[in-house]
Each structure stands twice: as structure tokens, then as C-alpha cells.
1. What tally of residues in region 83-141 results from selecting those that are in contact (Cβ under 8 Å) with a residue 12 or more places away in the chain and not in a helix (DSSP H, G or I)?
2. In region 97-141, which residues are aliphatic (A, V, I, L, M) and open to solvent by 80 Å² or more (accessible area, probe 1.4 Å)?
3. Out of N28, N47, I need the residue that is of a type in the set (S, T, N, Q), modelled with pLDDT of 70 or more and outside any helix (DSSP H, G or I). Which one?
Amino acid sequence: DFTFSVRGANSDKGPLQGDTEMYEGLKNTTFLWHPKTHDGYGHLIMNAMCVGVIPVVDYWRGYHEDAEFTGPRTAGELMEDNVTAIFMEPNIKDTIQKIKNVSNPSSIVEMSSALKKKWDQKINHWSEDIANTKKWLEDLI
């Protein structure tokens, strides 16, 4: 069973505010319904993806390199249909079926793990930066 909740500027509950509320809001979230077509980067989608929340997106209109929106598409670089994200279909019933097809614990873990792996490959470079900074500081001493 899934519980649906709407958060954002125009929702009854409003947007998630601050790091703690963002974390609390995402930690028990499986899918992020994110149909925006004008959000090429998007802090919410990046925050969700970095903790393994699977985005459901209108990829071809909003995140593909040839999308109508022109701007950075960092989030799109992490998305692969049915591997790290679910791409919406033109027919909502087809999109619902795609979500149902992966709505079992093993598929969710597999997709979240693939998303985390892709995140670490493309985005998370902190460990390398930390090692380089540590070496630089040691060389100064």
C-alpha cells in the first residue's frame, strides 16, 4: 500500500522547509511524482534522488537533452527508464502500470540502489575532494 501526499508551494501543506523537514519528508518516500517540464535541475528532485527516492518524471519534455526546457539537466543525466526513474507515458494508465510493475520491495531496492550508484558516479565527488584537501593540508604542515 502507498500513501500519497502533495507538498509544494500550491499544496495545502506547503513546501518542505529546511534540511530537517526535507529529510523527514523524503526518508519514507518511495516515489517522487515530478511532472514538471520546466525544471532542468530542481533542488527537490536532486534531494530526492540522492537518498534513493525514485522519480516519476515527464522525461522527454523536461529532462532530455533535447527537451523543450533549455538549461542545465543534471537530474536528467541520472535517469534511465525503469532503472533509475520512471518516465511518464502519454497515457496516464500506462504510467500507472509502469509504477505498479516496480511496486514490490525487490524492484524498489534494485532501482534505488541503481540510482544511488549513478548518483555516486556522476554527482558525489566529496570523497575525492576530501582526500585531496587532506593531502593538501598535510603538505602544508
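1. 10
2. Answer for region 97-141, where residues must be aliphatic (A, V, I, L, M) and open to solvent by 80 Å² or more (accessible area, probe 1.4 Å): V109, I130, L137, L140, I141.
3. Selected residue: N28, the only one of N28, N47 that is of a type in the set (S, T, N, Q), modelled with pLDDT of 70 or more and outside any helix (DSSP H, G or I).
The values are calculated or read from the model by the stated rules, or taken from the named source; none is laboratory data. These figures come from a predicted structure and were not determined experimentally. Note: ideal-geometry Cβ built from the backbone for every residue, glycine included; neighbour counts use all protein chains shown. Keep in mind that these areas ignore ligands, DNA and RNA; they rest on the heavy atoms of the full protein, side chains included. Shrake-Rupley method; radii C 1.70, N 1.55, O 1.52, S 1.80 Å.
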